[in-house]
Amino acid sequence: MAMNNFFDLLKETYRGKTIGRILFNWKIKENANDLSGIAVDLGGGKDASYWRYINKKPEKIIRVDINPEAKPDILADINKPLPFPDRFADVVFLFNVIYIAENPGQLLKESARILKPGGRLFIGSPFIFNEAKEPADYWRLTSSALDKLLKEAGFDKITIEPIGERFLAAVYLISLFLFFWPIKFVFYSTAIFLDKLIPKKLKLRYPAPIGYFVIAKNKQWT
C-alpha cells in the first residue's frame with residue numbers, strides 16, 4: 001500500500017467510512033480526475049464523500065435524488081424517464097445506485113440517452129454487500145452482467161475493475177461488529193495485504209470483490 005493511501009485509510013477509518021467506501025473513493029481518484037462540462041449525479045445523496053477525491057470537477061454538477069432530505073438539485077425517480085433532454089450531459093454518475101433500480105438495463109439506456117456522443121458513464125456497483133433497502137434492493141450484478149447491460153444500452157470502451165477481493169469482502173461484512181475504529185483499521189490494512197497475496201489466476205477466474213467500478217463511453221449517437 002502506498003504511503004499516501006496508508007494515511008488516507010487511517011483518516012477515513014477514523015471518520016467512520018467503510019472499507020468499501022474507502023476503496024471506491026480511491027478508484028474515483030485514479031479514474032475520474034479529468035472531468036469537464038455537465039455532470040449528472042444520479043442518486044448521489046447529500047455531501048457524497050467521493051467529491052473530495054476529484055481534483056478537477058466539472059463546470060456544472062446536477063444532483064438527482066428521490067429523497068427530499070438529500071436536498072438534490074432535481075427531485076426525481078431513477079425508475080422513470082430522466083428529466084433531461086437528449087445529449088445533455090458530458091458525464092453521468094451511477095454510484096451505488098444501479099442495485100436499487102427496478103430495471104437496470106432501462107436506467108443505463110436512459111443514461112446513454114442524456115449523454116453526449118463520447119460522454120462517459122461511471123458506475124459503482126456492489127457485489128458482496130449487505131441488503132440495503134433504499135427503499136428497495138434488487139440486484140447484485142456480476143462483471144459479465146454489467147458488460148452485457150452496458151453494451152445493450154449503447155456503450156462501448158467498457159472498463160470493469162473489481163473493488164477489493166475475498167479478504168476485504170469478508171472484513172466489510174463483519175465490520176459492523178468491529179466497534180472501535182483502530183480495530184477496523186487493523187482489519188482493513190491486513191485484508192488489503194492478504195488480498196494482494198491471492199493468485200491473479202484465482203482473482204480472474206473466481207472473483208469475489210466488494211463491488212465493481214465501471215467506466216463506459218456512450219456510442220449511441222455516433
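Each reported figure results from applying straightforward, stated rules to the coordinates on display, with no laboratory input. A quick note: this is a predicted structure, and the numbers were derived from the prediction, not measured. Here the Cβ positions follow ideal geometry from the backbone for every residue, glycine too, while neighbour counts run over all protein chains shown.
What the table below lists for this structure:
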quantity: Additional length obtainable on full extension of the chain from I174 to K109, 0.36 nm per residue less Cα span; calculated: 19.8 nm
quantity: Degrees separating the helix 143-153 axis from the principal Cα axis of the chain, which is the longest one; calculated: 10 degrees
quantity: Angle in degrees between helix 181-197 and the longest Cα principal axis of the chain, rounded to the nearest 10; calculated: 80 degrees
quantity: Nearest 10 degrees, 0 to 90: helix 19-31 Cα axis against the chain principal axis; calculated: 50 degrees
quantity: Length gained when the stretch R15-D137 is fully extended (0.36 nm per residue, less Cα-Cα span); calculated: 41.3 nm
quantity: Most fluctuating residue given options L82, L150, L108, as computed from a GNM of the chain linking Cα atoms under 10 Å; calculated: L82
quantity: Label-point separation, W181 to T159 (7 Å along Cα→Cβ), nm; calculated: 3.1 nm
quantity: Reachable lysines from K184, criterion Cα separation under 20 angstrom, eight or more residues apart if same chain; calculated: K11, K17, K196
quantity: Beta bridges per DSSP with both ends in segment 84-220, % antiparallel, nearest 5; calculated: 70 percent
